[in-house]
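Okay, structure first, notes after.
The values are calculated or read from the model by the stated rules, or taken from the named source; none is laboratory data. Remember, it's a predicted structure, so these values are computed and weren't measured experimentally. Heads up, the Cβs are rebuilt from the backbone with ideal geometry, glycines too, and the neighbour counts pull from every protein chain shown.
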Amino acid sequence: MSAGSNGAGSASRPLVILNPRAGGGRAGQGVEAMQKVIEAAIGGVDLALTERPRHAVEIARAAAAAGRSLVIATGGDGSIHEVVNGLMLAKEAGHAGTTLGIIGRGTGSDLCRTLGIEPRLDRYLSVIAAGHRSRSTWAGSSTPTPVASGGEPTS
């Protein structure tokens, strides 16, 4: 996993956007161990750490515009929300080919509970690796947006 704060890397590799402050700072702990598990499940990835509020929006938008096929939001509800916003902005600009993966690492994980995502790293990754999709509607979009998640597809 190559680390950086801007998400630069190969557009052919998935991008993991990690908020190290999510979950009261717990999301930023054990990144190296998480790296091994992620790469064992889905292969090489690039890593971008957020540095400030709304940074994940910028990183996700740039990743989609660069042609990344998979962006994985890693953090809490706020981090996931920012990544979704970035992907939706990219979609509005004509870059609609990026799939969202979720690895919940927040304290409340309300979104993950709502989507039926089991809060286990191995479960998140097995579903992302298998390419499962839920049919959730994001950010007021009138069309379903593919979302790789750890839960069963929802209607």
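Do you know which residues across the range 73-83 are modelled with pLDDT of 95 or more and closer than 19 Å to ALA11 by Cα?
Of everything in the range 73-83, just one residue is modelled with pLDDT of 95 or more and closer than 19 Å to ALA11 by Cα, namely VAL83.
Tally the residues that are farther than 20 Å from ALA129 by Cβ and not charged (D, E, K, R), restricting the search to the range 49-74.
Going through the range 49-74, the residues farther than 20 Å from ALA129 by Cβ turn out to be 49-62, 64-67.
If we keep only those that are not charged (D, E, K, R) too, we end up with 49-50, 53, 55-57, 59-60, 62, 64-67.
Qualifying residue count, the range 49-74: 13.
Checking the conditions here, which among ARG21, ARG26 is over 24 Å from LYS91 (Cβ atoms), surrounded by 17 or more Cβ atoms within 10 Å (Cβ to Cβ) and not hydrophobic (A, V, I, L, M, F, W, C)?
ARG21 is the lone residue from the list that is over 24 Å from LYS91 (Cβ atoms), surrounded by 17 or more Cβ atoms within 10 Å (Cβ to Cβ) and not hydrophobic (A, V, I, L, M, F, W, C).
Of all residues in the range 1-45, how many are of a type in the set (D, E, K, R), at pLDDT below 90 and part of a helix (DSSP H, G or I)? Spell out the reasoning first.
Quick first cut of the range 1-45, residues of a type in the set (D, E, K, R) only: 13, 21, 26, 32, 36, 39.
In the following step, the residues that additionally are at pLDDT below 90 were identified as 21, 26, 32, 36.
Then drop every residue that is not part of a helix (DSSP H, G or I), which leaves 26, 32, 36.
The number of residues fulfilling the criteria is 3.
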